[in-house]
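Down below is the structure, laid out as structure tokens.
The values are calculated or read from the model by the stated rules, or taken from the named source; none is laboratory data. Quantities reported herein were computed from a predicted structural model and do not represent experimental measurements. No Cβ is skipped: glycine too gets one built from the backbone with ideal geometry, and neighbour counts run over all protein chains shown. Side chains are part of the model used for accessible areas, which takes the heavy atoms of the whole protein and leaves out ligands, DNA and RNA. Shrake-Rupley method; radii C 1.70, N 1.55, O 1.52, S 1.80 Å.
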Amino acid sequence: MGETISFVGLDVHKATIAVCVAEAGRDGEVRFVGEIPNEPAALNKLVARLGRGDRILRFVYEAGPCGYGVYRHLRDRGHDCVVVAPSLIPRKPGERIKTDRRDATALARLHRAGELTPVWVPDPEHEAMRDLVRARADMVEALRKARQRLMGFLLRHGRSYDGKRWTWPHRKWLMEQTFPHPAQQVACQEYLDAVNELEARIERLTGRIRDLVPCWSMAPVVEALQAMRGVSLIVASALVAEVGDMQRFDNPRQLMAYLGLVPSEHSSGAKRRQGAITKAGSPLARRMLIEGAWTYRLPARVSAQLRPRLAGLPREVRDTAWKAQVRLCARYRRLQAAGKRPQVVVTAIAREMVGFAWAISRMVAPPAAAA
């Protein structure tokens, strides 16, 4: 007698989970079970009820703000569970009704048909490092906004600095600003204190990343990626934290597409139309790569900042990093000479950086597999 398989779609929310079951087979029954509390005890009861008679359960739910708690809870108890990308779930263009019941039913049906795209789920240690890297990125964004608020406040009162901003002379000029009304002086000082506090917070988070990376299972990859020009500790940590194990990609083109650095396309018949990059995947990893790509506008050389990062790395890693630098610096100049816009040039360089990063990641010791 064959195995009995049930596909269980879960629409996970903060307080509740909507559950739908699709039995195996094209014409298998699809039934809505109901809603349960989003609690481990309720999940255990659901599994016990649906798994009667040695029935095999295959769970699925969308990636979202509730994280991977449900996934890990079910996997720890020996059940198959996948988390799928919401942006890649097939949807009918004409559908205008969305409910939890419909979402759970669609997930169960599509999982049974094999039409869903799973996302890579990090292990708890990897997720912790990802949270730390993202916390620093959030503080960097908050600092940018705090600086804009301060400069906007000064501009409203006719105060403008003509030199390079956020250097020591600029900071000295900021501290020397005085206003006739005490309320304005307090406002200026509060804006300036917010900037200083966020800068100190970023320094603390950077130090914590530097301290914790050596204890991370992905530390060999982070260390090896820093052999590339434009890939500092923060850039390497962010790229690895967002992507995970790069060896799960069969070729670098898959990784480029995963990070949204390939052109979008809308072709039909004999006409081929390519547009801007898809911007799929992690915005943080893509932004870090774009920032690093700007360094290739200068001639290839091993700078004083890069030399310490190369010490102790395998020769093949150093050779690949130098090959990348020579190629990408020349490509930058070639694209620039062809009249391409700077943003287009930098995006093309970032896309090729991903290919070299993929190659370097395969040269170091394989990291521990994620959950």
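Among the conditions (1) touching a Lys or Arg at 6+ places or on another chain (Cβ under 9 Å); (2) open to solvent by 30 Å² or more (accessible area, probe 1.4 Å), the only one that Gly163 does not satisfy is (1).
Is one or more of the residues making up region 214-225 of a type in the set (S, T, N, Q), touching a residue at least 24 places away in the same chain (Cβ under 8 Å) and surrounded by 13 or more Cβ atoms within 10 Å (Cβ to Cβ)? If you could, list the steps in order and put the result at the bottom.
As a first pass, look at region 214-225 and keep what is of a type in the set (S, T, N, Q): 217.
Still in the running and touching a residue at least 24 places away in the same chain (Cβ under 8 Å): 217.
This time we only want the ones that are surrounded by 13 or more Cβ atoms within 10 Å (Cβ to Cβ), so: 217.
Yes.
Regarding Val231, is this residue among the hydrophobic types (A, V, I, L, M, F, W, C), in contact (Cβ under 8 Å) with a residue 40 or more places away in the chain and buried (at least 20 other Cβ atoms within 10 Å of the Cβ)? Yes. Within region 43-65, the set of residues being under 15 Å from Ala18 (Cβ atoms), open to solvent by 30 Å² or more (accessible area, probe 1.4 Å) and modelled with pLDDT of 95 or more comprises Glu62 only. Only one entry in Pro40, Pro86, Pro90 is surrounded by fewer than 17 Cβ atoms within 10 Å (Cβ to Cβ), more than 29 Å from Lys279 (Cα to Cα) and either in contact with a helix residue (DSSP H, G or I) (Cβ under 7 Å, 6 or more places away or on another chain) or at pLDDT below 95 (or both), namely Pro40. A count restricted to region 280-308 and to residues that are open to solvent by 60 Å² or more (accessible area, probe 1.4 Å), among the basic types (Lys, Arg) and under 17 Å from Ser237 (Cβ atoms) stands at 1. The single residue among Arg102, Arg96, Arg72 that is over 22 Å from Lys14 (Cα atoms) and either more than 22 Å from the chain's Cα centre (by Cα) or open to solvent by less than 70 Å² (accessible area, probe 1.4 Å) (or both) turns out to be Arg96.
Considering region 268-279 alone, what residues qualify as being open to solvent by 100 Å² or more (accessible area, probe 1.4 Å) and of a type in the set (A, V, I, L, M, F, W, C)?
Here is the first cut: in region 268-279, the residues open to solvent by 100 Å² or more (accessible area, probe 1.4 Å) are 270-274, 279.
Within region 268-279, Ala270 is the sole residue that qualifies.
Listed by first and then second residue, the pairs linking a residue in region 1-15 that is more than 17 Å from Asp27 (Cα to Cα) and open to solvent by 60 Å² or more (accessible area, probe 1.4 Å) to a residue that is in a strand (DSSP E or B) and at pLDDT 95 or above, with Cβ atoms under 7 Å apart and 6 or more places separating them unless they lie on different chains, are Ala15/Pro37.
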